[in-house]
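To keep things clear, I will list the structure first and then write my remarks on it.
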Amino acid sequence: GSLYHVAMIAVPAILGFIFRKRITPMIHNPSLLSFGLYASLGILLMNFFYPTIASRLTVYLYFLPMMVYPAFVATFGRRAQLGSIFAVVAFHMLILMTWFQFGNHAFAYIPYQNILLDDL
């Protein structure tokens, strides 16, 4: 479970590092972005040794996806915007489907009951 919490922060952090020069002009507080990017690396490394702590600390970095994703989408042209929006939504849908399908509590989701991959 902690891997998915950390992934929801790590993926936008990786995008933030790769496209940092392009997205920084779109962000109102670049120093907060820098802090979040480096803190996410620390949490990613912490996940290997202390997964519970890393999972809990991701709550404090949820501002990172809210800063990176809109800036990431806004920096690219109209044609690339649609693809980047689709990629962000598909990534988070994949995480959600994985939780519902393979979580140790998946049986408790009465309306879902692993219906996403039921026939497989």
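The values are calculated or read from the model by the stated rules, or taken from the named source; none is laboratory data. Since the structure is predicted, the reported quantities are computational estimates derived from the model, not experimental observations. FYI the Cβ positions are ideal-geometry reconstructions off the backbone, even for glycines, and counts take in every protein chain you see. When the accessible area is computed, the model is the full protein with side chains, heavy atoms only, and any ligands, DNA or RNA have been set aside. Shrake-Rupley method; radii C 1.70, N 1.55, O 1.52, S 1.80 Å.
Some notes on this structure:
- Region 29-45 - residue that is under 12 Å from M67 (Cβ atoms), surrounded by 14 or more Cβ atoms within 10 Å (Cβ to Cβ) and small (G, A, S) and, of those, farthest from the chain's Cα centre (by Cα): S34
- Selection count where residues are in a helix (DSSP H, G or I), among the hydrophobic types (A, V, I, L, M, F, W, C) and open to solvent by less than 60 Å² (accessible area, probe 1.4 Å), scope region 1-28: 9
- On the stretch given as region 49-85, residues that are among the hydroxyl-bearing types (S, T, Y), more than 14 Å from the chain's Cα centre (by Cα) and modelled with pLDDT of 85 or more total 2.
- Some residue of region 54-72 being out of contact with any helix residue (DSSP H, G or I) (no Cβ under 9 Å at 6 or more places or on another chain) and not hydrophobic (A, V, I, L, M, F, W, C): no
- Verdict on V88 being modelled with pLDDT of 85 or more, in a helix (DSSP H, G or I) and not charged (D, E, K, R): no
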